Structures are given as structure tokens and as C-alpha cells.
Amino acid sequence: MDLEKITELIIELEIDDIADAVKEALEDGKDPFQVLNALSKGMDEVGRRYEIDEYYLAELVLAGETMKEAFKVLKPAMEAMDKSEKKTKVVICTVKGDNHDIGKNLIGTLLLSSGFEVFDLGMDVDSKTIVDKVKETGATIVGLSSLLTMTVKQITEVHEALEAAGLRDKVKLIVGGAPLNMELSKRLGADDFAPDAVSGIKNIKELAGI
Ligand code: B12
């Protein structure tokens with residue numbers, strides 16, 4: 001199975017064929033990271049087509065669902081690669097009011113394969129749920145995704161809720177999403193920002209002291 005074919009299946013929104021294609025690529029001995037990269041490339045093209053009005057909301061929703069089918073097969077393969085013992089715990093989610101989860105899922109899958117223990121709370125998650133999860137798990141890193149300009153202020157909510165719970169100095173807060181940059185992220189109360197999944201994992205490793 002060609003990796004280009006996987007990219008193409010995402011672009012063409014082939015939800016019924018993507019899981020088998022990913023399975024085949026892995027069976028052929030393709031590295032799960034390469035498969036993830038091929039999926040991301042497809043999603044970038046879907047985003048581009050949306051921006052030039054070639055694709056509409058219906059196609060975007062379907063692209064998101066197609067990515068999820070791919071992740072179902074990819075995630076166990078990535079978990080199987082993980083050999084580490086003592087794991088850093090990371091809570092990830094998309095902030096309240098935001099239903100974009102493709103980027104967050106990518107980060108989550110990469111974190112798993114990099115040896116982190118990941119608690120994925122999903123999307124549209126309020127600060128209380130995040131604080132409760134940090135308390136319950138003892139996570140030392142929180143990763144937030146915000147794709148909407150309207151929801152970036154939720155980062156400050158989470159920062160303040162962690163502070164109110166006496167946890168802020170025990171937890172590193174890293175954020176990502178199209179409307180953000182390093183300066184804005186820090187102003188909103190985050191410790192760090194990353195523009196894409198690869199630098200995201202690199203930064204999270206640094207925050208974890210790995
Ligand atoms: C797909 C998509 C959707 C899908 C989402 C499907 C899903 N399950 O996620 C659907 C159709 C549901 C959708 C809905 C809407 N969308 Co939309 N959507 C997009 C689109 C085209 C692509 C986003 C995406 O998945 N990219 C691919 C992933 C891999 O990239 P990513 O999310 O950026 O994540 C990467 C980095 O940002 C970073 N990252 C992300 N999170 C994190 C977290 C951490 C911790 C770290 C370290 C890094 C990191 O790493 C990721 C991997 O490289 C973008 C346009 C764009 N080019 O971004 C618009 C966009 C985000 N949407 C937009 C809008 C306006 C909406 C709607 C309001 C539309 C509407 N009128 O209803 C709704 C909002 C619904 C809601 N409440 O959330 C706007 C936001 C504008 C703004 N600045 O506020 C955008 C920018 C489009 C545009 N140009 O207008 N959308």
C-alpha cells in the first residue's frame with residue numbers, strides 16, 4: 001500500500017476504505033509515523049480545498065470521520081511500539097466551545113507512540129473537568145487545542161482554574177491551534193505553544209524533561 005494512496009483516500013473522503021488501507025500499509029511494514037504523516041498531508045489538502053471553496057462543511061465533517069477510522073487502526077500500532085516503563089502523564093483536550101479534534105487526536109496519537117500516558121478528554125471540555133482529571137491522574141502536562149479565535153480565552157480559564165486548585169506550579173500548560181502563536185499563548189497563561197504535531201511532541205518532551 002502506497003503512502004500516497006493513503007493521502008489520496010483522505011482527500012477523496014473514502015471513509016469505507018481508509019481503515020483497510022492503513023492496515024495494509026502497516027502489514028507491508030510501513031512505519032506508523034509515515035502513515036500518520038500521509039494522513040496529515042491529506043488533511044492539509046482538505047483544509048486547503050475548504051479555504052478555496054472547493055469543499056464545504058459536509059466534506060470537512062466527513063474528512064474528520066475518515067481520519068477517525070484511520071486512527072482506530074493506527075493507534076494500537078503506535079501503542080505497540082511503546083517500550084518505556086515510567087511514563088509522563090499528559091491530559092489533552094479541545095477547549096470548551098470548540099469541536100475541532102483532528103489536530104488534538106494527532107497530538108494524542110503521537111504522544112502515545114512517544115511513550116507518554118495520555119488521558120484524552122475529547123472536545124468541548126470545561127476547565128473543571130480538566131482540573132479534576134489532573135487531580136485524579138497526577139498528570140504533569142496539560143495540552144489544549146483551540147482552533148477558534150472565539151475560544152482561545154478558555155486557555156486563561158484553564159490556567160486560572162489550575163491556579164485556584166493549587167496545581168499550577170505542578171503542571172505545564174502547552175497549547176496549539178491555528179489562531180495561536182507563542183506570544184499570545186503566553187499572554188493567555190500557557191507555558192508553551194507549538195504550531196504542529198512534530199514540534200508539539202518535541203516541546204512536550206522538553207517540558208517533561210525527557
Ligand atoms: C476540519 C475543520 C472543521 C471540522 C472539524 C472536524 C473535526 N472533527 O475536527 C468541522 C466541519 C466540524 C468544523 C466546524 C467549524 N469550523 Co472549522 N475548520 C476545519 C479546518 C478546515 C481544518 C482543521 C483541521 O482539522 N486541520 C488539520 C489538523 C491536523 O491541523 P490543526 O487542527 O491545526 O492541528 C495542528 C496544529 O494546530 C497543532 N495543534 C493543534 N492542537 C494542538 C494542541 C497542542 C497541545 C499542541 C502542542 C499542538 C496542537 O498540531 C496539530 C497537528 O499538526 C480549519 C481550517 C484550517 N486550515 O485550520 C477550519 C477552521 C478552524 N474552522 C473555522 C470555523 C469558523 C468553523 C465553524 C465555526 C464553522 C461554522 N460556521 O459552523 C465550525 C465551529 C464548530 C465548533 N464549535 O467548533 C475557522 C476558524 C476561524 C477562527 N479563527 O476562529 C477555520 C480556521 C476555517 C476558516 N478559515 O474560516 N471545522
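The values are calculated or read from the model by the stated rules, or taken from the named source; none is laboratory data. It should be emphasised that the depicted structure is a prediction, and the values quoted were computed from it without experimental measurement. Note that each Cβ is placed from the backbone with ideal geometry, even for glycine, and that neighbours are counted across all protein chains shown. The protein model used for the area step is the full one, side chains on, heavy atoms only, and it has no ligands, DNA or RNA in it. Shrake-Rupley method; radii C 1.70, N 1.55, O 1.52, S 1.80 Å.
Some observations on this one:
- Some residue of the range 128-136 being at pLDDT 95 or above, open to solvent by 10 Å² or more (accessible area, probe 1.4 Å) and not in a helix (DSSP H, G or I): no
- Filter result for Asp120 (in contact with a Gly (Cβ under 6 Å, 6 or more places away or on another chain) and acidic (Asp, Glu)): yes
- Ile18 vs. criteria more than 9 Å from the ligand (Cβ to nearest atom) and loosely packed, with under 13 Cβ neighbours inside 10 Å: no
- Scanning the range 37-57 for residues that are more than 8 Å from the ligand (Cβ to nearest atom) and either within 20 Å of Lys104 (Cβ to Cβ) or hydrophobic (A, V, I, L, M, F, W, C) (or both) yields Asn37, Ala38, Leu39, Lys41, Gly42, Glu45, Ile52.
- Cross-chain or 6+ apart pairs with Cβ under 8 Å, the range 183-210 first and over 16 Å from Phe116 (Cβ atoms), then of a type in the set (Ser, Thr, Tyr): Leu188/Thr156; Gly189/Thr156; Phe193/Ser185
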